[in-house]
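As structure tokens, the structure follows; a few thoughts come after it.
The values are calculated or read from the model by the stated rules, or taken from the named source; none is laboratory data. Small disclaimer: the values here were computed from a predicted structure and weren't measured. Note that each Cβ is placed from the backbone with ideal geometry, even for glycine, and that neighbours are counted across all protein chains shown. Areas reflect the complete protein model, heavy atoms only, side chains present, ligands, DNA and RNA absent. Shrake-Rupley method; radii C 1.70, N 1.55, O 1.52, S 1.80 Å.
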4 protein chains.
Amino acid sequence: MNNSLGEIFRITSFGESHGDCIGIVVDGCPAGLPLTVEDIQQEADKRKSGRNRPLATARKEEDRVEIFSGIFNGRTTGAPIMMSIWNRNIDSSEYEKVIKLIRPGHADFTAWEKYGGFHDWRGSGRFSGRITAGFVMAGAVAKKLLATIGIETVAHVVEIGGIKADPPDDVSEIRRIMAENEVSCADVAAATRMIDAIKTAGRAGDSVGGVIEAWATGLPVGLGEPVFDTLEGCLAKAYFAIPAVKAVEFGAGAEVARMSGSDGNDPFAMVDGRVRTAGNNAGGILGGISNGMPLIARLAVKATPSIAKEQRTVDLTSGEEATLKVGGRHDTCIVPRAAVVAESMTAVVLADLALRGGFIGRIIK
Amino acid sequence: MNNSLGEIFRITSFGESHGDCIGIVVDGCPAGLPLTVEDIQQEADKRKSGRNRPLATARKEEDRVEIFSGIFNGRTTGAPIMMSIWNRNIDSSEYEKVIKLIRPGHADFTAWEKYGGFHDWRGSGRFSGRITAGFVMAGAVAKKLLATIGIETVAHVVEIGGIKADPPDDVSEIRRIMAENEVSCADVAAATRMIDAIKTAGRAGDSVGGVIEAWATGLPVGLGEPVFDTLEGCLAKAYFAIPAVKAVEFGAGAEVARMSGSDGNDPFAMVDGRVRTAGNNAGGILGGISNGMPLIARLAVKATPSIAKEQRTVDLTSGEEATLKVGGRHDTCIVPRAAVVAESMTAVVLADLALRGGFIGRIIK
Amino acid sequence: MNNSLGEIFRITSFGESHGDCIGIVVDGCPAGLPLTVEDIQQEADKRKSGRNRPLATARKEEDRVEIFSGIFNGRTTGAPIMMSIWNRNIDSSEYEKVIKLIRPGHADFTAWEKYGGFHDWRGSGRFSGRITAGFVMAGAVAKKLLATIGIETVAHVVEIGGIKADPPDDVSEIRRIMAENEVSCADVAAATRMIDAIKTAGRAGDSVGGVIEAWATGLPVGLGEPVFDTLEGCLAKAYFAIPAVKAVEFGAGAEVARMSGSDGNDPFAMVDGRVRTAGNNAGGILGGISNGMPLIARLAVKATPSIAKEQRTVDLTSGEEATLKVGGRHDTCIVPRAAVVAESMTAVVLADLALRGGFIGRIIK
Amino acid sequence: MNNSLGEIFRITSFGESHGDCIGIVVDGCPAGLPLTVEDIQQEADKRKSGRNRPLATARKEEDRVEIFSGIFNGRTTGAPIMMSIWNRNIDSSEYEKVIKLIRPGHADFTAWEKYGGFHDWRGSGRFSGRITAGFVMAGAVAKKLLATIGIETVAHVVEIGGIKADPPDDVSEIRRIMAENEVSCADVAAATRMIDAIKTAGRAGDSVGGVIEAWATGLPVGLGEPVFDTLEGCLAKAYFAIPAVKAVEFGAGAEVARMSGSDGNDPFAMVDGRVRTAGNNAGGILGGISNGMPLIARLAVKATPSIAKEQRTVDLTSGEEATLKVGGRHDTCIVPRAAVVAESMTAVVLADLALRGGFIGRIIK
């Protein structure tokens, strides 16, 4: 296992879904950044139920964040920040029944083989979406750090269950609209249909996936450390740590395959005395380096694999085929919650690259 | 800049397009692996012109590979393997004219800002597709190493200029068909149309992009080091180091967003006494770990940004808007050549994860 | 700050002396290793008062270890193991008086400058010897892991306050004798004199330093990853993370400077059918790689810088010279306690190198 | 094997003693630093024969440095700098005779076991002192980079064959005197006696070791990234990559074991309006961080293990004991040459820590 990410701003994740806690250590944050437990709690709360109101799991996740190190007199100290939430209200009984009845679409089988059956399978253990609570706590720190140089991040839902949104092309508009519905979608009409689609799937014992769009604005030109630590590559690696993400694209994304060079290239222009591009097919990235335009990424999230419908599987105990209906509490659609995590990971990666590129100093004054 | 990739099997890239050479250091390869310069040359030759015959750049890239360290008596020694090709037949004059006339879709602007104008801009320097020659040399080593445990990799072209291929679902068939056309496409009819599309675009002074599909077969269950070093994440990071890649997906990829849980989950089944999935929407990866099914990734590649058509841009010297037609030798479509690089990067990442997971020993006997 | 060490078996330290807790995350430990909180507690207890009885600080460090993740059904799971002790019985008042009256021999000044005054200075914060409690917890895991391949570690005190021990050349004898005195010295007579020296220094308001010898036995031939990750280099880096260590040597150590080649070279010999050396000036390491002989390192530890005697210093508030007597609870001699930490770090480094070299598998059965 | 060192300023070593070349890749050097091949050659020449005139190996090492990447218009570009020297005048015949007659004090045995006999044993391969030529080339870059912020490094010989020097306590005096003798010793009388000792040992077919003292001046307060990447730890790890180094100490070093707290603590004082210490037992490092005083390290180097005297060993072919006289060309004393390497490694480590700490920007103007 590797549970650390980043070179200077480096996060280390720990904890299991049904263990004692879920947490994160943030190392390498500059000293002097004002940071309170409320800053973290606010972000963690967004993840709990898809930022706004719950279509999500019935599990009561109080998830009170505690910070155990790295803060002194309301500011970061330069020392590692260890934060966690405690797991309560846990019932692992549903999982015990199905330990070896490996769930399709889940890590049950691969974890079993990789860790010799010694992994903590309760509530999916390390493979639960719940571990992303730690990512969000780290993201909260990263967001405050990025704010010191004017970088802001947001992630909204642009598709659920085949229903596509038509969001505005302006971050503050996106923020305003997405805050008003429980699927974090910046298109009111689409949001309503998305919610219907989720409910319909839920009633059928099924689930739905979707697409998240992550933005970062205010980036200086120069973030990214090619050839290997490109902005795209570092972000993609972080995004794929979010369970259920199966595709990541930037700017025009997969559509670039269908564009000619003359269509796809963003022409350069002078805007307010600065070099900008007309159009943003590049998603704010050229040669793996930020070009000063908004950074735009999209993540495709698969439907929750835990469904009440009967599925074919294998029982590892007997080595025979079997069927399975997954019980317990599961979101019909995790996309809005995953969007919060995507925003966090965007911030975590940008914070690291900003430090590596010398855009943020070692002391915040 | 960060020019190293991998934890145990770690590659370090160096060289510029119009500098003395393009090379790679492969560190961490186990000792005892039979390896000749011909093994490397064979892969490097594939990259030169899209694996087969040239639709590609007119630049004569003899590109004779030399190995300077790490091999003794025909085998790897456990020491770093330094390999390079020498740059010859170089004409940087075309670039000199346009140093500060930043090319749309290229890294000219971002490199200028990030490196203060000190970067080697000749032939795009470190941002040239030519540096992937080093990736391919490293891939050749990785492929031989993976072969010792039965892992094979291949990458073929599944779309160019909007024309989609309908390739067979079998690796040896894919290999056989793709070898017979110059766009490395495993669909004869589509290949013909792709070639036409490339020629048409070329005549118009334009360029086209496409989609590459990378496969790896023979994987044991257990490759991948979640939560951060997932198979998807490590591969994606490596793929995004290939210039022009703007989207990466695995298995059903972006389509998962439109699938319900019951559609998208691959049911488990027993096949020849082993656990396998019926279907492969997961692309061979569950929880970031290989599940024993073929690994399948797709990369969207944008059209070559260097085009003969006139484009709007900015002259950094004057800070004024200008127009530009990019001259010099450029591929109308780099997708077939990029496929060779994608295959190499797949191998490089899998070699590292196989070593990290203990699937390959430290001495090959 | 960098608070992580190791490539595969990687530890991440967090916590401050007078903060909430002191802890460690151990990532990369193979799954299946039997591990209980008692295993950890036992090692942590040794550190509390120099392994045996206290000559040490009067601070009541109950230091009950808790494991919060990574253990399931009494075994490691392959997931990160987060462990900590809680800080209680804390009185920071003594420190408040002297925040800016920088203590000679301490990190007060360098921390102030490096972290802009934002560091947690209470009880020396991250620079307190107390943070090594986390190292010892990690060492406990490493020791259990190493035991699975027959590697054992020990560290004993060979010098305090100028009094040198004449210990036996046999690990089990060393263990037996050192366990019987409170300075962990494997020479009964020397131990008595060391204790006197400590008491004398204490009465004078002064402190004493000494030398620790760390052993590891049962090493296979082949641990170490030269040229940069030599066994010496990796161990030395870890040892210098122990506060107050100012010199590290291996085998004959600094004395090699005075030996001729014919004196210093350890001749090879066959012993019980295996290649061994006659003599061990190399300290078990040749070319940065273990040679199968006992690994022997020595660490020089400076006298506790916190002394009751008056010292000259500077007041950062006024920028003027001043004098200072350090109050509070401080060990007159930390060498016996540091020995426990040295043993832990030896184990941590060897565990990582054993995993990197393929000497320990990814699942312990 | 791990052949990379550093986080931002990262060097990757390659090449074998009797292979094609010895080289280094320097990644992470900021763009804009003026750098010529002569800058590198000048440092490489120092290593060839102990900085001054040869008491050293008879092998004619012309060692003309070539830079193959990363430099453009006389300045660094931010891209990896690949440099190497070519191996010529090679005679491996002496080694062939003794492949399996493992040389005491050498890595023959450990390399054989670790790499399964596949390592390049010619001229000691990767374990030859010759690979440090690459370290010195990297050091040359680091020195130029450090000079931009006023940091200078030097290493001189303070002991050979038991003869101790009494050097001045001033860097420019050290430089002046050491330049006048072939053992790089800053004590004229001692130098003469050292040279005699070397000659005497050589005539007896034996060899001698010694001690190097490395200095760095002009350091800002704040270099070092504790708790694990302390200044001492990072330097020690780098020093132990130099073959034959068996002990590393800082400031008063091993002597701290015999000092009381009141003797060992360096009192703080105000000097020219800046906080300085009276005395430098700390060697310029407190809490793993530079304190603005000169950094002082000492490295004990063992006598050249290759000696003409008969030694007892084992023949790995037969598994029987045997005797061996090592022929070929070997230095009687490598200490003056190792001093050049020690200086280089000091610079390499400080460059990395200066970049990590934000003391050097990403572009040099």
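Just checking, which of D:GLU225, D:GLU249, D:GLU232 is within 23 Å of D:THR304 (Cβ to Cβ), buried (at least 24 other Cβ atoms within 10 Å of the Cβ) and at the interface with another protein chain (Cβ under 7 Å from one of its Cβ atoms)?
Working: D:GLU225 fails: within 23 Å of D:THR304 (Cβ to Cβ); D:GLU232 fails: within 23 Å of D:THR304 (Cβ to Cβ).
It is D:GLU249.
How many residues are in a strand (DSSP E or B) and either surrounded by 24 or more Cβ atoms within 10 Å (Cβ to Cβ) or within 16 Å of the chain's Cα centre (by Cα) (or both) if we restrict to region C:11-28? I'd like the intermediate steps shown before the answer.
The first filter runs over region C:11-28 and keeps only residues in a strand (DSSP E or B), leaving C:11-15, C:21-27.
If we keep only those that are either surrounded by 24 or more Cβ atoms within 10 Å (Cβ to Cβ) or within 16 Å of the chain's Cα centre (by Cα) (or both) as well, we get C:11-15, C:22-27.
Adding up the residues that qualify gives 11.
Going through A:PHE118, A:PHE109 one at a time, which residue ends up being aromatic (Phe, Trp, Tyr), closer than 24 Å to C:PRO30 by Cα and outside any helix (DSSP H, G or I)?
Going through A:PHE118, A:PHE109 in turn, the sole match is A:PHE118.
So which residues in region B:67-106 are among the β-branched types (Val, Ile, Thr) and either within 21 Å of B:PHE9 (Cβ to Cβ) or part of a strand (DSSP E or B) (or both)?
Pass one, region B:67-106, residues among the β-branched types (Val, Ile, Thr): B:67, B:71, B:76-77, B:81, B:85, B:90, B:98-99, B:102.
Passing the criteria: B:ILE67, B:ILE71, B:THR76, B:THR77, B:ILE81, B:ILE85.
Taking region D:150-172, which residues are more than 14 Å from every other protein chain (Cβ to nearest Cβ) and surrounded by fewer than 16 Cβ atoms within 10 Å (Cβ to Cβ)? Don't jump to the end; show me each part of the working.
Step one: of region D:150-172, the residues more than 14 Å from every other protein chain (Cβ to nearest Cβ) are D:150-156, D:166-172.
Correct list: D:GLY150, D:ASP166, D:PRO168, D:ASP169, D:ASP170, D:SER172.
Take the residues in region D:185-200 that are farther than 17 Å from D:VAL154 by Cβ and of a type outside the set (A, V, I, L, M, F, W, C), then tell me which one is most open to solvent (accessible area, probe 1.4 Å).
Step by step, filter region D:185-200, then rank; the result is D:ARG193.
Among residues belonging to region C:29-47 that are farther than 16 Å from C:GLY134 by Cα and of a type in the set (Gly, Ala, Ser), point out the one that is surrounded by the most Cβ atoms within 10 Å (Cβ to Cβ).
Out of the qualifying residues, it is C:ALA31.
Check A:PHE135 against each of (1) touching a residue at least 60 places away in the same chain (Cβ under 8 Å); (2) touching a Ser or Thr at 6+ places or on another chain (Cβ under 6 Å); (3) more than 23 Å from A:ALA247 (Cβ to Cβ); (4) within 14 Å of chain B (Cβ to nearest Cβ) and name the one condition it does not meet.
(3)
What strands (runs of 3 or more DSSP E), lying completely within region C:262-354, carry at least 1 residues that are buried (at least 22 other Cβ atoms within 10 Å of the Cβ) and more than 20 Å from the chain's Cα centre (by Cα)? So that I can check it myself, show each step before the final result.
Details: elements: C:268-271, C:274-277, C:295-301, C:311-315, C:320-324.
Passing ranges, in order: C:268-271, C:274-277, C:311-315.
Can you tell me which residues in region B:209-222 are part of a loop (DSSP other than H, G, I, E, B) and facing chain A (nearest Cβ under 7 Å)?
Filtering region B:209-222 down to residues part of a loop (DSSP other than H, G, I, E, B) leaves B:209, B:218-222.
Answer for region B:209-222, where residues must be part of a loop (DSSP other than H, G, I, E, B) and facing chain A (nearest Cβ under 7 Å): B:GLY209, B:VAL221, B:GLY222.
Restricting to region A:252-289, and then to whatever is in contact with a strand residue (DSSP E or B) (Cβ under 8 Å, 6 or more places away or on another chain), of a type in the set (Val, Ile, Thr) and facing chain B (nearest Cβ under 7 Å), can you tell me which residue is nearest to B:ASN281 (Cα to Cα)?
Only one residue tops the list, namely A:VAL256.
Which ones in region B:299-349 are in contact with a Gly (Cβ under 7 Å, 6 or more places away or on another chain), farther than 23 Å from B:ILE131 by Cβ and among the basic types (Lys, Arg)?
B:LYS309
Here are B:TRP121, B:TRP112: which of them is free of Cβ contacts under 8 Å to residues at least 40 places away in the same chain and under 21 Å from A:GLY222 (Cβ atoms)?
Details: B:TRP112 fails: free of Cβ contacts under 8 Å to residues at least 40 places away in the same chain.
None of the other options fit; the residue is B:TRP121.
State yes or no: is C:ASP63 open to solvent by less than 40 Å² (accessible area, probe 1.4 Å), charged (D, E, K, R) and at pLDDT 95 or above? So that I can check it myself, show each step before the final result.
Working: open to solvent by less than 40 Å² (accessible area, probe 1.4 Å): yes; charged (D, E, K, R): yes; at pLDDT 95 or above: no.
So C:ASP63 does not fit the description; no.
Mind checking which pairs have a first residue in region B:239-260 that is basic (Lys, Arg) and a second that is in a strand (DSSP E or B) and open to solvent by less than 10 Å² (accessible area, probe 1.4 Å), Cβ under 6 Å, 6 or more apart or different chains?
B:LYS246/A:PHE250; B:LYS246/B:ALA300
Just for region C:104-123: of the residues that are at positive phi and away from chain D (no Cβ under 12 Å), which one is least open to solvent (accessible area, probe 1.4 Å)? Before the answer, list the steps.
Within region C:104-123, the subset at positive phi is C:105, C:116-117, C:123.
Adding the requirement that they be away from chain D (no Cβ under 12 Å) leaves C:117, C:123.
Details: C:GLY117: 22, C:GLY123: 3 Å².
By that ranking, first place goes to C:GLY123.
Could you tell me whether any residue of region B:81-103 is facing chain A (nearest Cβ under 10 Å) and more than 23 Å from A:GLY357 (Cα to Cα)? Explain how you work it out, then say what you get.
Step one: filter region B:81-103 for residues facing chain A (nearest Cβ under 10 Å), giving B:101-103.
Right, trim to more than 23 Å from A:GLY357 (Cα to Cα) and you get B:101, B:103.
So far as region B:81-103 goes, yes, one or more of its residues are facing chain A (nearest Cβ under 10 Å) and more than 23 Å from A:GLY357 (Cα to Cα).
Each row is one residue, and each column tells you yes or no for (1) at pLDDT 95 or above; (2) under 20 Å from the mean Cα position of the chain (by Cα); (3) β-branched (Val, Ile, Thr).
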site: C:SER128; (1), (2), (3): yes, yes, no
site: C:ALA140; (1), (2), (3): yes, yes, no
site: C:THR148; (1), (2), (3): yes, no, yes
site: C:ARG193; (1), (2), (3): yes, no, no
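Taking C:LYS237 and the conditions (1) open to solvent by less than 10 Å² (accessible area, probe 1.4 Å); (2) touching a Leu at 6+ places or on another chain (Cβ under 8 Å), which numbered condition does it fall short on, given that it satisfies the others?
It is condition (1) that C:LYS237 fails.
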